[in-house]
Amino acid sequence: MTSAPAPSFLNRELSLLEFNHRVLAQAEDTRVPLLERLKFLCISCSNLDEFFEIRVAGLKQMAKVGATSVGPDGSTPTELLAMISAAGHQLVDAQYRMLNEVLIPALDAEQIRFVRRSHWTPEQDAWLKTYFETEVMPVLSPIGLDPAHPFPRIMNKSLNFIVSLSGRDAFGRNIGYAVVQAPRALPRLIRVPSSVPGTGPNDFVFLSSVIHAHVDQLFPGMSPSGCYQFRVTRNSDLLVDEAEASDLLEALEDELEQRQWGDTVRLEVAHNCPDQLVRYLAEELNLAPGDIYQCNGPVNLMRLLAIPDLVDRPDLKDPPFTPRVPKALSGDLFAAMREKDRLLQHPYDSFGPVLELLRQAAKDPNVLAIKQTLYRTGAKSLVAEALIQAARAGKEVTVVVELRARFDEADNISLAEALQDVGAHVVYGVVGYKTHAKMMLIVRRETDASVPGAAPVLKHYAHLGTGNYHPRTARMYTDYGLMTADPAICRDIHNVFLQLTSLGKVPELKCLLQAPFTLAIGIRARIAREIEQVQAGKPGRIVAKMNGLVEPETIKALYEASQAGVQIDLIVRGMCSLQPGVPGLSDNIRVRSVIGRFLEHQRVFWFHNGGADEVWLSSADWMERNLLRRVEVAFPLRDQAIRERVMEHLLAYLADTTQSWLLQADGRYLRPESTADSEADAIGVQVRMLAEAGVITVPGLAAVDAAEPVLKLVPKPRARRKAAS
């Protein structure tokens, strides 16, 4: 008998770069509205920034200390950095080709123009000269480089210019080089008024072009022979020793001040910058040739993200929609939750009922306490406002604020301070474990009106989600939220909160799986159960949806299940280290990634369980950090109708051939062959979900009753095709 091949793994960093190629592909897709295509280009660039700030920065640190391996694929940090450099340069080249060869011509055809200096009319030139002298030049501080003016500190991701100079300065010296730093207060895109002759309705000029055109005014008596934009990316991961910090909030505040000045990891510079100047910059910034990215356009494409908001062209954007508010959740939410569990599917369903639940709790004299975890909420959080109102109304408000939510630390510090100011109990989770779980628990005193003389009892109501308590991202991310009064689930949530605040041991959870304790074990046990079903002659089936899959032991368990004959479909948006379709190892595993208008964010795990299907929702991906180093929860869908609804959603994702990409064994992603035989059949899964919620109308689709939706959208009846066809 031939033994199965040894488990093998795709590299997570290279997989993440592949994800950004899929995002960039949306910018090329002509089925996507033009201004949305521009957004996808910007998103791919923003993702790449964070990749360098965190992942590449960490690898550089590991290489510096001589680490020999960074993951189950066996690559050393040095080897992996070389592979990332090659793949990263390919991605950056593709981004600028997309901008210059595809998007700019398409935008120009719609009279949305980025006017180059060589194309300025005399009137535009005059207007921009005045703009430079009145708005730009007064806030610039050009720095001539000499022993008294060494190369300046360059802030992370700021816009800068290296200028080569000839001639003598005011003191009779030859300087050679200067650096001009553009303050962040200056807009990176300048709209030229349409009243200026020769200007269209949507003509824009880059700040870099304006500074370049007038750089000679910054160096009187000298002659700039070249001016080239550049940008530096730095390590932005916060380094706080939680075990040594006596006050985590204070320690993070101190570290935030230094985030802009971490070690350099990447240099982006204009493509036409002379080699001598590029080498000079790299030397000053302590970067190797592989860390240099020459850009044929703006060194920060994220600045283009402002264009869709500045341009009033609804025809070039996704159609707007108003998320649905289920009828049952438009009144007394406590009564609705007592009746049965309620599931919200964002962004198709409004986040409003979650906010309204908090508001009703804040005002209700029978509500005694509110407990909630907050990971990301936004700078001006409606959730925080409701919690503050509850605390002011005398409720016992306990909030677990995760201060270390990457890039949201400053907002979370402000949130924690605002809650403390009104008397809320604020804790920062557990040292060494980020609190990533999404939970809310409300304690309410109630009397059973159906029992005469009954004594009041305490009733619990809960909300559990796969995404953050963030109303803005709830319109852009796909997530589930469960509103329940199930006593068993609420009791488990109470115990998790007790653990987070008291740090003591709590009774065994009856319904929830919790990381870092039982979640990984529980998932693997259910994978093993599917193997047992197959060995007993029954079908074995797993469908799981998540953002990332890299945890080695879980992947090994999936490989074992595949070898046993379990059919496994994985919907993994981003990085995936599992290799599907390897003969003898993963023949029965298929992996797809869905990219579309909304960021796919739900974590859903469906185990067939011999026909007694189990469906779990969770805040956790199948990654080491989520399963082993964070406080996470997974919760079962105990209501049959809700469970079947989510199962149908998963099947809709698996049937999609429009927004899906299929992972190959070598790590590449390919579009599936479409089996659609009509325009209606080719509609992507996210559009179908919008139609299911009844918030848009899609020609060719028959929507279902929006009150209690079940995804059974089908093409409208059409004429039967001839048998010969």
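Peptide packing: for 37-45, 196-204, 312-320, the average count of neighbouring Cβ atoms within 10 Å per residue gives the ranking 37-45, 196-204, 312-320, highest mean first. Take the Cβ atoms of His271 and Leu368, set R0 to 56 Å, and the FRET efficiency comes out at 0.30. The accessible surface of region 591-667, taken with every protein chain in place and a 1.4 Å probe, is 48 percent carbon and sulfur.
With semi-axes √(5λ) of the Cα gyration tensor in Å in mind, check [x] 63, 31, 23; [y] 52, 26, 24; [z] 47, 31, 29 and report the label derived from this structure. Read-out taken from this structure: [z]. Under 17 Å of direct C-alpha separation, and excluding same-chain neighbours fewer than eight residues apart, Lys395 reaches these lysines: Lys363, Lys371, Lys459. Per residue, the chain exposes an accessible area of 43 Å² to a 1.4 Å probe, with every protein chain left in place. Summary value for the chain: 11 percent relative contact order, contacts being C-alpha pairs under 8 angstrom separated by 6+ residues. Highest-first packing order for the peptide set 584-592, 177-185, 336-344 is 584-592, 336-344, 177-185, based on the mean count of other beta carbon atoms within 10 Å.
Name the shape class, rounded, prolate or oblate, that the alpha-carbon gyration tensor gives for region 67-206, where a ≥ b ≥ c are the square roots of its eigenvalues, rounded holds for a/c under 1.5, and otherwise prolate holds if a/b is larger than b/c and oblate otherwise. Oblate.
Taking 7 Å steps out from each Cα toward its Cβ at Glu50 and Ala109 produces label points 3.3 nm apart. Based on DSSP, what percent of beta bridges with both residues in the chain are antiparallel, to the nearest 5? Expressed as a percentage, antiparallel bridges in the chain total about 70.
Axis of helix 487-502 versus longest Cα principal axis of the chain: the two differ by about 50°, to the nearest ten degrees. Taking Cα centre as origin and charging only the Cβ of basic (Lys, Arg, +1) and acidic (Asp, Glu, -1) residues, the dipole magnitude of region 402-496 rounds to 160 debye. Computed in the context of the full set of protein chains, the accessible area of region 372-446 at 1.4 Å probe radius has 46% of its extent on carbon or sulfur. Positive end of the dipole of the chain (Cβ unit charges, origin at the Cα centre): among Ala86, Gly144, Asn20, the Cα lying farthest that way belongs to Asn20. In the chain, the DSSP-assigned H stretches of four residues or longer account for a calculated mean residue ellipticity at 222 nm of -9500 deg cm²/dmol, using -39500 (n - 2.57) per stretch and the full residue count as denominator.
Tell me whether region 397-537 comes out rounded, prolate or oblate; compute the Cα gyration tensor, take square roots of the eigenvalues as a ≥ b ≥ c, and use a/c under 1.5 as the rounded threshold.
Details: a/c = 1.75, a/b = 1.10, b/c = 1.59.
Oblate, since a/c reaches 1.5 and b/c is not below a/b.
The values are calculated or read from the model by the stated rules, or taken from the named source; none is laboratory data. In this text the structure is predicted, and so the values were computed from the model without any measurement. Virtual Cβ from ideal backbone geometry, glycine too; neighbours counted across all protein chains shown. Keep in mind that these areas ignore ligands, DNA and RNA; they rest on the heavy atoms of the full protein, side chains included. Shrake-Rupley method; radii C 1.70, N 1.55, O 1.52, S 1.80 Å.
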